[in-house]
1. State log₁₀ I(q)/I(0) for the stretch 59-142 at q = 0.19 Å⁻¹ as given by the Debye formula over alpha-carbon point scatterers of equal weight, solvent excluded.
2. With the crude spin-label approximation of a point 7 Å out along Cα→Cβ, what separation in nm comes out for Ala259 versus Asn80?
3. Per residue, how large is the accessible surface of the chain? Use a 1.4 angstrom probe and give square angstrom.
4. Sort 304-310, 272-278 for me by packing, meaning the mean count of neighbouring Cβ atoms within 10 Å per residue, highest on top.
5. Order of 250-257, 154-161, 142-149, 217-224 by packing, highest average Cβ count within 10 Å first?
6. By average Cβ neighbour count within 10 Å, what is the ranking of 177-186, 85-94, 31-40 from highest down?
7. I'd like to know which of Tyr362, Leu34, Ile67 lies farthest towards the positive end of the charge dipole of the chain, counting +1 on Cβ of Lys and Arg and -1 on Cβ of Asp and Glu.
8. Output the 0 to 90 degree angle, nearest 10, between the alpha-carbon long axis of helix 145-155 and the longest principal axis computed from the alpha carbons of the chain.
Amino acid sequence: MAKNQKINTLLEKAINLDFLNHEEALFLYKNASLSKLLFTANQIREKLHPNNIVSYIIDRNINLTNICFSNCLFCNFCRNKNSDDAYVLSIKEYIEKIDVLKSLGGNQILLQGGMNPDLKLDFYLRLFKELKQIYPDLKLHALGPPEIAFIAKQEGISTKQCLELLINAGLDSLPGAGAEILSDRVRKIVSPAKASTEEWLKIMQEAHQLGLTSSATMMFGHLETLEERIEHFIKLRNVQEIKPKNSKGFISFTAWPVAGESTKLLKKFPKIKPITSTEFLKTLAMSRIILPNIPNIQVSWLTMGKEIAQLALHGGANDMSSIMIEENVVSQAGKNFKLGVKEMEETILQAGFIPKLRNQEYEYL
Ligand code: SF4
């Protein structure tokens, strides 16, 4: 089949929401023009979301500790327990942060941190219960497969048991953290102490079996090949295919380029070049094309900037992610946050869509 004809046939298949196999997806990634990929991804998005709505959420990222033994090459956040600036948040600090979030209209925290060997399962169970006692309607979008694997191993229990206990303590949904690229070849270099590909996927499957909504992510633009990006998508798609009918499974997918200028990763591999806007949009469009069974594709306006995010809304994305309240804007959070909401809504409107605030289950508020 001639190249152009093959591209058109495969794009047609994608628009019909059929699954592309690895070879087909790779062929498109390598050969289809950006405009064709964006157009096709937009068609799929219109099929899945005919309402012209672009959603966003107000939540707060709280990093519960920066002590972590993992030393991922791309991470500038983790500290040794004896570092001067090592910390574990106190309950008083949570309350201060959540009160700000509440006063600004949010009720979900994205609670993550390092893999701190001093924090055992009991610490998390007590923390979740205490937070839910103080704020009964607070949603805990917390931890991620690597932390679940780590906590379960320390405790000598299965990851499924660990998830069950955390759900009973108040865990509402599981972020897709620590996926990076789901290829052990890459993981062994960039994050060797973290959960393996198989563990990451197994924990997500278990979460779905337990009715926990989760999200899927990909951090790309480092050492992975195009083939490994496609494998990543297909592994997520396969897990989503076997989720129980009554579970939402992966409610969303987000891809972001690896960040940070002074990481060990860039020192060790100086040839890594920043992902261009074109490459980002192409990858986002490919995610929409390969993952028709994951309903929502997010674009992070904070990562790629407003203009690229607006373009992404015409190339597969239907969600603008979160207005995160950053640590450094807490003191003036009210003002900044309100500007943030206004700017978010204006950005969505300018792109030609209707902005809607949502919760983690993607229900409009
Ligand atoms: S697990 Fe990796 S990315 Fe997460 S805090 Fe530890 S070193 Fe950083």
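1. Once normalised to I(0) and log-transformed, intensities are -0.87.
2. 2.7 nm
3. Per-residue value: 43 Å².
4. 304-310, 272-278
5. Top to bottom by mean Cβ count within 10 Å: 142-149, 250-257, 217-224, 154-161.
6. 177-186, 31-40, 85-94
7. Of the options given, the answer is Leu34.
8. Tilt of helix 145-155: around 40 degrees.
The values are calculated or read from the model by the stated rules, or taken from the named source; none is laboratory data. All figures in this text were calculated on a predicted structure; none of them were measured in a lab. Every residue, glycine as well, gets a Cβ built from its backbone with ideal geometry; the counts of neighbours run over all protein chains shown. Heads up: the accessible areas ignore ligands, DNA and RNA and are worked out on the full protein's heavy atoms, side chains in. Shrake-Rupley method; radii C 1.70, N 1.55, O 1.52, S 1.80 Å.
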